[in-house]
Amino acid sequence: MFELLKSPVESVQEFIYLSGRAVRNVFRRPHYGDDVVLQMEVIGFGSLPIVVLTGFFSGAVMGLQLSKALAQYGAVGKIGELVAITLVRELGPVLTSLMVAGRNSSGIASELGSMKVTEQIDAMRALGTDPIQKLVKPRLIATCVVLPLLTIIADFLGLVGGFVIAYTMLNLTPSHYWNSAWQAIDFSDLFQGLIKPFSFAFVVALVGCHYGLRTTGGTQGVGLSTTRAMVVASVWIFVLDFFITRLFVRA
Amino acid sequence: MPSDNNAAVLRFDQVSLAFEETPVLDRVSFSIRRGETRVLLGSAGSGKTVLLKTALGLLRPNSGTVEVFGQDITRLRESELYDIRARVGILFQEGGLFDSLTIEENVSYPLLNQKLLRVPREQVLSRVEQALEFVELEHTLDKFPSELSGGMRRRVGIARALVTDPPLLLYDSPTAGLDPITACTIISLIIKGRDVRKATTVMATHRYQDGTWLDEFRYNPKSGRLEPAGGDGSPGDSKTKFMVMQSGRLMFEGSRVELEDCRDPYIAKFVKR
């Protein structure tokens, strides 16, 4: 029984240790600015197409689904409001983070994992750089900056997607749709909608780094780390999403 | 830092290390003095790599003390270890080059990142060129490691280890997986690196022949060639010592003559040619 629990407990322990060191090091020298910019480009700019597409189509699908449900109550006019609230509070942050987790948690894990199995991580330490400072910190900072921005883009395109449906199929005027959408969102929604991707950024970056850095056993190990990073990051995004939402929703 | 010539540069005292339950270093004790050459023999999985990584503080032993330049590194924090590592050059088994960086960036990496060294930026390129010239690869500055052959990558690794002019050099199986001719080139570079800079050299290998070359040859800076030791009147008494490891235990330490006289079947298998 204890043997069975040993490896997950050790893994969690290592993860907490890594996270602690990474977060503590954020304000400590040395800073590798070039690496932060490079990672922002890889994670942020690279994720733009998938975020744009998922954002747009999830908004459009929501418009379609809601149009039917709302028609029963004769409340089709409310569509802008509903799309806006669901997107900003929930779908924008979660879908964006899931896409970025699928793309970058696994990407980070395979990159760092390959470096680990070819002794590049050891070489880094031997040649005077702390892998946490040089590899983990830039990825963490870049993800924390980029993920909320990507979420804003996804939110906006989701609203556009909803608008396309509302305008073409439900014959709503643009001003009606955008006004109801705009008025539906209050400050706490925006706050919730931004604190979520910011928190998920820690999961995406640190889970990827964690599995990358503890890779053992050659190329096969790299594959295993990559899969695990993606799965674990995605699951934790949902779990964390529940707890953050719980903070905002008081019954 | 103790500066007298007899001070131990690297000292292991009863060092043990286990992965999970398997012991990989078992009460290893030895000490290497300044200017010595140490050849670490052992079959695959005998703990050679682990020993070298422990000497750099990349792995922490479960018990025992490791002293580098007279400082007990088992008590140091990771951030304090960098000052020690700045004075040690290491060649990893597969070279350990950063494959996303060019050769120039690889070799300049320790110069730019070792806090203790603080090499002015304008000097970096000339030192990198000098180090690459030393291994005769000065034309590869802008290439990536994947564009080079295995032997060339190993040579770049040597250049990266030597570029900081460290007083202690560690080589992890420098000839593993190389053809005999390339292996010979690599060993002569190691001898050259040792004799030009008078660096303490530790080489892990599974080939006894590599070790005997280190013992037999000297680099003559005047002729720029390797010569048999003692030929030019330099001291014939060798500073080369051998160690043999078997499954984490250090089972022999001594001179070449003692090694060749040894009757142990494991050792005899190495020494036999």
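Tabulated data for the structure shown
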item: Filter result for the condition that a residue is out of contact with any helix residue (DSSP H, G or I) (no Cβ under 7 Å at 6 or more places or on another chain) and polar (S, T, N, Q), over A:T226, A:T168, A:T215; result: A:T168
item: Subset tally (residues that are farther than 18 Å from B:G224 by Cβ and either in contact (Cβ under 8 Å) with a residue 40 or more places away in the chain or open to solvent by 60 Å² or more (accessible area, probe 1.4 Å) (or both)) for the stretch B:130-148; result: 8
item: Test: A:L172 is more than 14 Å from every other protein chain (Cβ to nearest Cβ), touching a residue at least 24 places away in the same chain (Cβ under 8 Å) and closer than 20 Å to A:F200 by Cα; result: no
item: Residues satisfying the stated conditions in the stretch A:16-39, i.e. open to solvent by 30 Å² or more (accessible area, probe 1.4 Å) and β-branched (V, I, T); result: A:I16, A:V23, A:V26, A:V37
item: Odd one out for B:T175 among (1) buried (at least 23 other Cβ atoms within 10 Å of the Cβ); (2) of a type in the set (V, I, T); (3) more than 18 Å from the chain's Cα centre (by Cα); (4) away from chain A (no Cβ under 14 Å); result: (3)
item: Matching residues in the stretch A:1-30 - criterion: being under 22 Å from A:S199 (Cα atoms) and in contact (Cβ under 8 Å) with a residue 40 or more places away in the chain; result: A:S11, A:E14, A:F15, A:L18, A:S19, A:R21, A:A22, A:V23, A:N25, A:V26, A:R28
item: Complete set of residues in the stretch B:49-69 that are within 13 Å of the chain's Cα centre (by Cα) and among the charged types (D, E, K, R); result: B:K53
item: Within the stretch A:120-156, tally of residues that are more than 14 Å from chain B (Cβ to nearest Cβ) and surrounded by fewer than 23 Cβ atoms within 10 Å (Cβ to Cβ); result: 8
item: Residue selected from the stretch A:92-119 under the condition part of a helix (DSSP H, G or I) and of a type in the set (D, E, K, R), by the criterion nearest to the other protein chains (Cβ to nearest Cβ); result: A:E111
item: Residue in the stretch B:157-171 that is part of a helix (DSSP H, G or I), open to solvent by 10 Å² or more (accessible area, probe 1.4 Å) and in contact (Cβ under 8 Å) with a residue 24 or more places away in the chain present; result: no
item: Members of the stretch B:196-224 that are assigned to a helix (DSSP H, G or I) and of a type outside the set (F, W, Y); result: B:V196, B:R197, B:Q209, B:D210, B:G211, B:T212, B:L214, B:D215, B:E216
item: Answer from B:R121, B:R155 - the residue that is away from chain A (no Cβ under 14 Å), of a type in the set (D, E, K, R) and within 23 Å of B:T200 (Cβ to Cβ); result: B:R155
item: Sole exception among (1) more than 15 Å from A:F163 (Cα to Cα); (2) open to solvent by less than 20 Å² (accessible area, probe 1.4 Å) for A:E111, by number; result: (2)
item: B:G193 vs. criteria touching a helix residue (DSSP H, G or I) at 6+ places or on another chain (Cβ under 9 Å), more than 15 Å from B:K241 (Cα to Cα) and assigned to a loop (DSSP other than H, G, I, E, B); result: no
item: Residues (of a type in the set (S, T, Y) and surrounded by 11 or more Cβ atoms within 10 Å (Cβ to Cβ)) located in the stretch A:5-15; result: A:S11
item: Selection count where residues are more than 9 Å from every other protein chain (Cβ to nearest Cβ) and under 22 Å from B:P174 (Cβ atoms), scope the stretch B:91-103; result: 3
item: Candidate set: the stretch B:49-59, residues that are touching a residue at least 24 places away in the same chain (Cβ under 8 Å) and not in a helix (DSSP H, G or I); chosen: the one nearest to B:T201 (Cα to Cα); result: B:L56
item: Any hit, the stretch B:139-148, residues being within 20 Å of B:I190 (Cα to Cα), within 14 Å of another protein chain (Cβ to nearest Cβ) and of a type in the set (A, V, I, L, M, F, W, C); result: no
item: Of residues in the stretch B:106-129 being among the β-branched types (V, I, T) and open to solvent by less than 10 Å² (accessible area, probe 1.4 Å), the one nearest to B:V202 (Cα to Cα); result: B:V107
item: Residues of the stretch B:223-234 satisfying the condition of being open to solvent by 70 Å² or more (accessible area, probe 1.4 Å) and either under 23 Å from the mean Cα position of the chain (by Cα) or at pLDDT 80 or above (or both); result: B:R225, B:P228
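Residue-wise test of (1) in contact (Cβ under 8 Å) with a residue 40 or more places away in the chain; (2) of a type in the set (A, V, I, L, M, F, W, C); (3) closer than 18 Å to A:S19 by Cα.
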residue	(1), (2), (3)
A:R214	yes, no, yes
A:M230	yes, yes, yes
A:S234	yes, no, yes
A:R246	no, no, no
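Each row is one residue, and each column tells you yes or no for (1) farther than 28 Å from B:E136 by Cα; (2) open to solvent by less than 10 Å² (accessible area, probe 1.4 Å).
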{"site": "B:F12", "(1), (2)": "yes, yes"}
{"site": "B:S29", "(1), (2)": "yes, no"}
{"site": "B:L52", "(1), (2)": "no, yes"}
{"site": "B:Q71", "(1), (2)": "yes, no"}
{"site": "B:T74", "(1), (2)": "yes, no"}
{"site": "B:R87", "(1), (2)": "no, no"}
{"site": "B:Q93", "(1), (2)": "no, no"}
{"site": "B:G96", "(1), (2)": "no, yes"}
{"site": "B:E104", "(1), (2)": "no, no"}
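The values are calculated or read from the model by the stated rules, or taken from the named source; none is laboratory data. Keep in mind that this is a model prediction, so the values were computed, not measured. Backbone-built Cβ (ideal geometry, glycine too); neighbour counts: all protein chains shown. To get the accessible areas, we keep the full protein, side chains included, count just its heavy atoms, and leave off ligands, DNA and RNA. Shrake-Rupley method; radii C 1.70, N 1.55, O 1.52, S 1.80 Å.
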